[in-house]
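Q: Got a structure here, written out as structure tokens. Questions coming.
The values are calculated or read from the model by the stated rules, or taken from the named source; none is laboratory data. All values reported here derive from a predicted model rather than from experimental measurement. As a convention, Cβ positions derive from the backbone with ideal geometry for all residues, glycine included, and neighbour counts pool all protein chains shown. When the accessible area is computed, the model is the full protein with side chains, heavy atoms only, and any ligands, DNA or RNA have been set aside. Shrake-Rupley method; radii C 1.70, N 1.55, O 1.52, S 1.80 Å.
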Amino acid sequence: NPANWRASAAIGGTPGKGEGISLAAWLTANNLSPNEGLIDHDGDGLPTLLEYGTGGNPNMADATLAMHLSHIENQANLTFNRASNAIEVEVIAEFSTDLKSWQPTDIASIERGEQDRVTVRPPANASNPSIGFFRLRVNTR
């Protein structure tokens, strides 16, 4: 199913083999129990599931997620890390002008690596792309 395909770090990919780390294995590697996915274990305001999806450290308080907000050509842009090996979640950036209705953002660029560096911008149909709010949402797969 092409919906389950993803970029591979290996030339030619790894059909039939996983390159990532499951949430359970990541939690175990970080000395956390399987039921701690929605808990903010380190007290930094970020749930463990978000730290898994963005390549954060669930045992070290760091509320930045290595995010950066910029303003280019009269348009806001958000850059954030996305863990390329977090195979059980999808990190989705969204934009709103009123904090009520949210839309998926447009991807401006992706720098591939162990942690992808993703830059997004407001969707093309945003009423005022220079003023608004971004958020990251994590969906489990």
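Q: When the residues of the range 109-141 are filtered to those that are surrounded by 14 or more Cβ atoms within 10 Å (Cβ to Cβ) and aliphatic (A, V, I, L, M), which remaining residue is modelled with the lowest pLDDT?
A: By that ranking, first place goes to Ala126.
Q: Separate question: Suppose we keep only residues that are assigned to a strand (DSSP E or B) and of a type in the set (Val, Ile, Thr) within the range 29-80. Which one would you say is farthest from Gln115 (Cα to Cα)?
A: Taking the candidates together, the pick is Ile72.
Q: Same structure, new question: For the range 82-112, how many residues are farther than 17 Å from Arg137 by Cα and in a strand (DSSP E or B)?
A: Here the count works out to 4.
Q: If the requirement is being open to solvent by less than 20 Å² (accessible area, probe 1.4 Å), modelled with pLDDT of 90 or more and farther than 16 Å from Ala25 by Cα, which of these qualifies: Glu94, Glu51, Glu90?
A: On the way: Glu51 fails: farther than 16 Å from Ala25 by Cα; Glu90 fails: open to solvent by less than 20 Å² (accessible area, probe 1.4 Å).
Being open to solvent by less than 20 Å² (accessible area, probe 1.4 Å), modelled with pLDDT of 90 or more and farther than 16 Å from Ala25 by Cα holds for just one of Glu94, Glu51, Glu90, which is Glu94.
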